[in-house]
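Asker: Mind having a look at this structure? Questions to follow.
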Amino acid sequence: MYMAHPYPQWTKEERRDHFAGTLTQFRFLGLADFMSGARFLDVGCGTGNRTMKVARHYGVRKYVGVDHSRASLKIAQCVAKEEEFDRFVGIESDLFDLPFPDDSFDIVLSQGVLHHTPNPLRGLQELVRVCRPGGLIALYLYNKWNHWRHNIQKNKVSRLAGPDFERRFHMAHRLYGRKPIEEMTPEQIATFYDQYCHPHKSDHTVGETLRWFDQLGLTYWGSYPPMRFGDLLAAAQHRGKLLTESPTMYSALGRMLVSTALKLPSVEIGKPPFRRPTLLHAIIFQMGYACQGSSGAYSGGPGFSVRKPS
Ligand SMILES: C[S@@+](CC[C@H](N)C(=O)[O-])C[C@H]1O[C@@H](n2cnc3c(N)ncnc32)[C@H](O)[C@@H]1O
């Protein structure tokens, strides 16, 4: 499906609008301090729209994007050109068999990818393999609790339309589309495919992801959004300070958090590693996600970063 419909399909302006959010994300995942001069691997990079600017901003030594969709990598090359960034290398490969020796990268990122594979834990092990000792691994996965209503919708689409993703698209549009297809932007169409039409997805709880890290002997490093309240407040204030450069915020919840945070006393950003969320933090976050999911909204859960032991 991602060969026929690469994702995401942002314009240059949309990349700029997302940039401040991505910078905040990299700071609170604790990646920002590691990026300068890093060998940076993005597994399932898609069109590179989400990461190209940030790789350029921090001055990585090399940004290697791996994806099994050749069409997405072709767009990623155009994105690199548009951003005047010559350190991007796209490689067509399967994430379960990455064409790199052990310990090849300083930072390994995978956003919104492992939950589209039959064995996310095995995928994570492959990310860990190619990360050097002392390097960082970051991943985003769908959250089990905020997709409960979305899954009902998605399952209905699959039941009525069968496995063909083009039929799924038209069924999903008939049931949940908000405007005629001709009026949808390329990004809205790509997102609609990503939401309703892909052949496989799994959802994961915060606790499950943290247990994988323990099982693989990885040290907790940070999350985005941060799950400890002081860090969450600091993140909202940090994003708020970037509002003049990047005023567009896509999430209503994000806008509300930022405007509230800016009215509160300023909180200093801690130094990574950030403190690991307790069971209570995880439960509170999961409950928040469950409320968010009641609208049928589809989004990733928190991203996590971990450090591979030296
Ligand atoms: C939802 S998109 C995410 C793209 C990008 N990481 C982002 O966040 O904008 C998932 C991407 O993972 C890629 N992908 C899925 N399974 C893969 C696999 N087994 N090996 C390599 N790439 C894969 C898809 O081709 C697609 O581009």
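Please treat every number below as a calculation from the coordinates, not as lab data. Here the structure is a predicted model, which means the values were calculated and not measured. Please note: Cβ atoms are built from the backbone with ideal geometry, for glycine as well, and neighbour counts cover all protein chains shown.
Asker: Residues 166, 208: which one is surrounded by fewer than 20 Cβ atoms within 10 Å (Cβ to Cβ), charged (D, E, K, R), assigned to a helix (DSSP H, G or I) and touching a Lys or Arg at 6+ places or on another chain (Cβ under 9 Å)?
Answerer: Result: 208 is the single residue among 166, 208 that is surrounded by fewer than 20 Cβ atoms within 10 Å (Cβ to Cβ), charged (D, E, K, R), assigned to a helix (DSSP H, G or I) and touching a Lys or Arg at 6+ places or on another chain (Cβ under 9 Å).
Asker: Under 7 Å between Cβ atoms, at least 6 apart or on separate chains: pull out the pairs that start in segment 237-255 with a residue that is without any contact (Cβ under 8 Å) to a residue 12 or more places away in the chain and end on any residue that is assigned to a loop (DSSP other than H, G, I, E, B).
Answerer: 255/249
Asker: Could you say whether any residue in segment 40-58 is more than 10 Å from the ligand (Cβ to nearest atom), among the β-branched types (Val, Ile, Thr) and touching a helix residue (DSSP H, G or I) at 6+ places or on another chain (Cβ under 7 Å)?
Answerer: yes
Asker: Quick check, is residue 246 of a type in the set (S, T, N, Q) and in a strand (DSSP E or B)?
Answerer: Judged against the criteria, residue 246 is not a match.
Asker: So in segment 75-97, with the set limited to residues that are without any contact (Cβ under 8 Å) to a residue 40 or more places away in the chain and part of a helix (DSSP H, G or I), which one is farthest from the ligand (Cβ to nearest atom)?
Answerer: Ranking the candidates gives 81 first.
Asker: Just give me the residues in segment 289-310 being assigned to a helix (DSSP H, G or I) and touching a residue at least 60 places away in the same chain (Cβ under 8 Å), in sequence order.
Answerer: Answer for segment 289-310, where residues must be assigned to a helix (DSSP H, G or I) and touching a residue at least 60 places away in the same chain (Cβ under 8 Å): 289, 290, 292, 293.
Asker: Any residue in segment 45-56 that's free of Cβ contacts under 8 Å to residues at least 60 places away in the same chain and within 12 Å of residue 9 (Cβ to Cβ): show its pairings with residues that are more than 8 Å from the ligand (Cβ to nearest atom) and of a type in the set (Lys, Arg) at Cβ separation under 8 Å, as long as the two are six or more apart or on different chains.
Answerer: From segment 45-56, the pairs are 49/15.
Asker: Being outside any loop (DSSP other than H, G, I, E, B) and near the ligand (Cβ under 9 Å from one of its atoms) is the filter; apply it to segment 98-114 and report the residue that is surrounded by the most Cβ atoms within 10 Å (Cβ to Cβ).
Answerer: Among those that are outside any loop (DSSP other than H, G, I, E, B) and near the ligand (Cβ under 9 Å from one of its atoms), it is 109.
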